[in-house]
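Inspection log for the structure reproduced underneath, given as structure tokens.
No lab work stands behind these numbers, since they all come straight from the coordinates. In this text, all values refer to a predicted model and were calculated from it rather than measured experimentally. All Cβ positions, glycine included, derive from the backbone under ideal geometry; neighbour counts span all protein chains shown.
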Number of protein chains: 2
Amino acid sequence: MEGHIVLPPLGQTEWTLLWAVLASAFVAMGYGWYLVRRVLAEDPGTKKMQEIARAIEEGAMAYLGRQVRTMIWFVVLMAAGLFLMYYSVPEQYPHPLPIGVAVAFLMGVMASYGAGYVGMWLAVKANLRTANAALKGFKPALELAFRAGTVSGMFTVGFGLLGAVLIFMIFQENAMKVLIGFGFGGSLAALFMRVGGGIFTKAADVGADLVGKIEQNIPEDDPRNPAVIADNVGDNVGDCAGMAADIFESYEVTLVAAIILAAVCTVSLDFTAIYGEHASTFALKLILYPLLIRAVGVFSSIIGTWAVRGKEEELADPMRPITVGYWTASLVSVVGFLIVNYFYLLDPFTGAPDFRFFWATTMGIVLAIVTLWLTNHFTHPDLRPTTETAIAARTGAATLLLAGMAEGFESTVWAAVAIGLTILSSLVIFPDSPALAAYGIALTGLGLLTTTGFILAMDTYGPITDNAHGIFEMSGITEEHEASRNLAWMDAIGNTTKALTKGLAIATAVIAAISLFRSFIDATGLMEKGIQVNLPEVFVGLLIGGAVPFLFSSFAIKAVGRAAYLVVQEVRRQFREHPGIMTYDEKPEYGTCVSIVTAAAQKELLGPAILAIATPILIGFGLGPGALGGYLAGAILTGQLLAGYMCNTGATWDNAKKKIEDGFLGGKGTPAHVASVIGDTVGDPYKDTAGPAFNPLIKVMNLVGLLVAPFIIDVHLHEASVGRILIVVLCLIVLGIGIVFSKRGSLAEMAEEEEKSQVAQG
Amino acid sequence: MEGHIVLPPLGQTEWTLLWAVLASAFVAMGYGWYLVRRVLAEDPGTKKMQEIARAIEEGAMAYLGRQVRTMIWFVVLMAAGLFLMYYSVPEQYPHPLPIGVAVAFLMGVMASYGAGYVGMWLAVKANLRTANAALKGFKPALELAFRAGTVSGMFTVGFGLLGAVLIFMIFQENAMKVLIGFGFGGSLAALFMRVGGGIFTKAADVGADLVGKIEQNIPEDDPRNPAVIADNVGDNVGDCAGMAADIFESYEVTLVAAIILAAVCTVSLDFTAIYGEHASTFALKLILYPLLIRAVGVFSSIIGTWAVRGKEEELADPMRPITVGYWTASLVSVVGFLIVNYFYLLDPFTGAPDFRFFWATTMGIVLAIVTLWLTNHFTHPDLRPTTETAIAARTGAATLLLAGMAEGFESTVWAAVAIGLTILSSLVIFPDSPALAAYGIALTGLGLLTTTGFILAMDTYGPITDNAHGIFEMSGITEEHEASRNLAWMDAIGNTTKALTKGLAIATAVIAAISLFRSFIDATGLMEKGIQVNLPEVFVGLLIGGAVPFLFSSFAIKAVGRAAYLVVQEVRRQFREHPGIMTYDEKPEYGTCVSIVTAAAQKELLGPAILAIATPILIGFGLGPGALGGYLAGAILTGQLLAGYMCNTGATWDNAKKKIEDGFLGGKGTPAHVASVIGDTVGDPYKDTAGPAFNPLIKVMNLVGLLVAPFIIDVHLHEASVGRILIVVLCLIVLGIGIVFSKRGSLAEMAEEEEKSQVAQG
């Protein structure tokens, strides 16, 4: 049981290795800082461009400022709660552990937020520099954008590794318990950033398009649209800050889970039977191995980003440099695993390297490649699924929508099968020890995220080029300009990299959640009895856990609808009250749209956040640990399937539209194009709000489960204590508030008004 | 373990009761036959109406004929497989059990098919009589349509009860094993009828609309549309035959599961500890109780249908007579449960009635009412969810689609919570015996389906009035005619009753599947060890099981798209080659469309059917019984959630369109109306193809699990035998064929042509 496991004492070798890992964290951050300097040294372009970029920067920073003010109460409350909770069980959590967990939680929140902050801070400075570099050519623009993206990756990796190593050095044998707090902080912040950013970006996007494109018939990124800056800000808060925070927590949580599962080996009967007197020392090696793998990742990511070199003549296949970079990073990682395994993980009996750990870690790289392949297959404009979806536009929007959904449904199935096979591979690699097999799955997650630095570079590259393109258009540089074409190309690649990263983020989230789930089982001491879904209360837990992601989707989609409608009203108001905007005689007021979406996104966070935290507590205290286990399994299952479905369906619709805009079926302006625009709009909250938000959701829920585990071990279905009833009632009240809250808003009011006016007329 | 349980010998009382139940089966069928005579005696209307009705009848019957020819090979193969399988384990299945199971399987197929056949056979005769009765008024038309619908209910109940009692009488102590075969036959036929009917109905509907409404701008049900008869045929094969077969199998399967779970009590330690020397006799009572409850259902349904009385002045609330009927049927059922419990289920120690069984059964009635309330809330045109969805049409199709999806996602969550609470209620009613708690859940399923006769009457009423309305319009009777208004009203109620029945069908399917799942666990002897999702292979099973309904949706939606496209091509051809059709100078050839959809629907069945049968076998033999348990749990979970999501979202979109057509937001012809038509079309395969097909899917998979259970008990993950490898490879090959098959077709060919023509142009 987790509550009673302490890590073996650290020896001289371990301390040396910890210092080395710490050094590599500083290497990551130092390299990131070096890139910041290089990017900032570039020419920021014309005054007009700088003006536009400043508006985006101000909006983005204002959003993050507001985010802190929303989170702060939640976070302080949670930290206090964690402290009190553990303070009440001093046998398992002696002083200073409760305060350590609370502080680690706060550190986790800050690190996750910080990773998002730094990445976005530079992105909003890099966008206009990229736009300016595009005037010189494709190569300098590509490399600048990618370099700026790399900063996000480097600081994410650096913060994650720094936090973990420091906790290890300070708390030593109790590090595991404190690490959970750190991971939880990171996940909670990521949930806020992901959901808030997702609502912001799509509310602004949909709102801007509905009035701009449809009512006023002005193009995208037209400076006359009052919501255009909010739309560009949205790209940053969603795709930079949200994604960095999301990946940060997966990075952290896989590390925490791997360390816990290694520590569990020390008390596992099958492991100790195999390793006998060496069990403790070998387990210590397994505990440190994840940190070493992470250190390998720092260097492989850096080397990978070096390999990204644009060539002017390569415009025909602009994705190539990034693909080369990714393969380089992967290859270097595998070599790194091999070296670490060869020198460090020796079989204690024979002294020969035990390569099983190498294979388990490498399976993560394989899973990453398979996932990228699958995502690419289902969303690439030139491959069968997207082509068939586009073809369906011939008979209208309805058939296009159905075709895209069918592809999305299928895509998520294969992603699930790939993850299933990965899990089985760990059973094949470690056939004789369930404890090692569980650890092997966590290693797969570590392997999958080794190239985190590169993956985030790839992702952040997307919004930077998207913004650069927008700044260009708003500055009035014509579409015919060569630089504009370069940016359009880069923007298109950016869409691909964003889609690919989302696919990877889901896979990592699932593996991380599965590892956490396994840790939960160890923590509740349920390993022997197991989470038996044959028991009715566990099955009910599974049902409710599986249902929660559906409710979460409902909340997220409605939130976008409501917030977008507020934007529509504001944009309409500006056009109505200031007719000069359309004739360029008046300047629209960009700031009001930004603050409307900022406020709306923060308000809409409440429902999903309550759902993620209160429901697992309710199930745990209401129906016991087994039911909570079922709940977590159900949530992972449907969360993953819906995430893959929504992200891929959205990307397929998006690319079907792009394909048609590129001339397929007659190109822009045809009925097929109109149909594909509808598909793309439906896909927006799918792929950018609800879809990616499942990642932090399933991890937060698993971490909540892990945190409350020590307190629900003794909960039995038919026994009622006052404390338990109080907690259950409290959770129900809080959930009720969250649900009622998520139903109020602009649409309901509109519906009421309409009904009234109908009655008045009739 | 199921393989070793034999039922206690039947005494004099039991035989008397069995004869009484048999008599009630004949009452149901006799009453059904009496109604057939009454309906056929009604005036079939004008020659023109008869001509149209004949075309529908011929198409519908041709479809069912073709259905038999498709199923026959599958069915014969499965029967032979079942026989051989059980023949190979003579200790558990001595002669004549293997032949008994195979014959029972065939009987199940015939009964399920027969239930669908009879219902549809009368529906296609009742539609024009209803149309004619509408000329006299609302009351005679409503009552005639409902009476005709009741026939479907009565024969379904009669066949189900007859088959079960006969098997009981013939096989006595081995009845349980044979009953599984009967249930499996019913489920398999239902899967074929549901999926085939669902593809047929929506392919015809979408195909007819795409060319008729959109390209040629002619109204729905216009006799010039060559696909109009196919569309009307589709209503019958989908909503009459498909639904009747579906409900038949839920009816049968809950009965089978309740009997198995009662039989399991005889070997359950907790049960025998409580009842001691009375255990065997009391368990026998529990085994017969489900049959008695079913007999109660015959009478409560009949009384309920009597209570459906239309009043001319009640047009303001035309749903009222049906609601009154439903409440009557429910109330009579509860009284019936009370009487049976009072006289029959006495505590063996005290002799007082043990009302716990009454409460468990009544919970089913409560769940039915809650489910109906939830479905109504989320889909009724005048309530908040549909109104908000309609309002969203103001800003276009995309926002309407998103709003409807958000409502659908939420609706399925509450349905899952309702089912979860029902399961927990059984734990509260039977706190001290897990075996009785499991039996209690099965009783809830029985209670839920007590009013089957009434539910099917309500459902079949839908297509009858829909068809009647169509026949009216095609006969050229103007919209202003009072009778046409009556039928439009009745048609609108029909849509509501269809939506409500779908909600109920899902709930029954889930409860039935959960009971089967529990039987599976007993059959594999996994009760002690449990289905532990914490074990990696079980979790992988859960993942794959959860993914299968997503793949199934993908298949079903694509199938509709492909088949609809074939209809579009044929309709376009007819209009092109016979320009006289549009000017009424030529008659369109209805038959070709009917045979195209018939052939397409049968062809498209292959993929989903293979998926349902081969995947559980693959998981069972590949990863063992625990993984198969996880698989079944995962499939129930996502199958239920997706079914609720798809049925309710589809109904919400449908009703949002109706609301707008009734004048909301400006009514027909407005952009909001155009947007709502897109929503309705997307919803068609959601609510009529994929959504309802999950019901037979999850039951067939659970039954396959139950059937292979005795053969996989000894399968262990790391041991490979030749037989096991052969089965796994065979399943993979068959699955591969099914998947590849589901990818070929019209859309892929179109995509290829388009790409080629682009290359040729470029």
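Computed values, structure above
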| item | result |
| --- | --- |
| C-alpha center-to-center spacing [the range A:667-732, the range B:619-660] in angstrom | 18 |
| Sparsely packed trypsin sites (Lys or Arg not before Pro) within the range A:633-730, loop by DSSP, other Cβ within 10 Å at most 15 | A:K668 |
| Value at 222 nm in deg cm²/dmol, rounded to 500, when DSSP H runs of n ≥ 4 in the protein assembly as shown each add -39,500 (n - 2.57) | -28000 deg cm²/dmol |
| Global size of the range B:164-295 as Cα Rg and Dmax, reported in angstrom | 23.2, 77 |
| For the range A:1-152: rounded, prolate or oblate by the Cα gyration tensor [a/c cutoff 1.5] | oblate |
| Ascending list, in nanometres, of distances separating the B:E277 label from those of the other copies (7 Å, Cα toward Cβ) | 6.3 |
| Residue range of chain B that is longest and free of GluC sites (Glu not before Pro) which are both DSSP loop and sparsely packed (at most 16 other C-beta within 10 Å) | B:221-478 |
| Nearest-first distances (nm) between copies at A:M582, label 7 Å from Cα via Cβ | 3.6 |
| Cβ-vector label at 7 Å, B:W73, separations to other copies in nm | 6.8 |
| Whole-Å distance, taken between Cα centres, linking the range B:564-605 and the range B:358-402 | 36 |
| Subset of B:K603/B:K687; A:K558/A:K603; A:K658/B:K743; B:K558/B:K743; B:K213/B:K658; A:K202/A:K687 violating a 19 Å alpha-carbon distance limit | B:K603/B:K687; A:K658/B:K743 |
| Long-range HN-HN contacts of B:L346 with modeled amide H, under 5 Å | B:D354 |
| Whether the protein assembly as shown is rounded, prolate or oblate, judged on the alpha carbon gyration tensor where a/c under 1.5 counts as rounded | oblate |
| Cross-link partners of B:K498 among aspartates and glutamates (Cα-Cα below 14 Å; sequence separation of 8 or more within a chain) | B:D235, B:D239, B:D246, B:D459, B:D466, B:D654, B:D684, B:D688 |
| Solution diffusion estimate, µm²/s, Stokes-Einstein, chain A, Kirkwood Rh from C-alpha pairs, 25 °C, viscosity 0.890 mPa s | 94 |
| Value of relative contact order over chain B, rounded to a whole percent, pairs C-alpha under 8 Å and six or more apart | 20 |
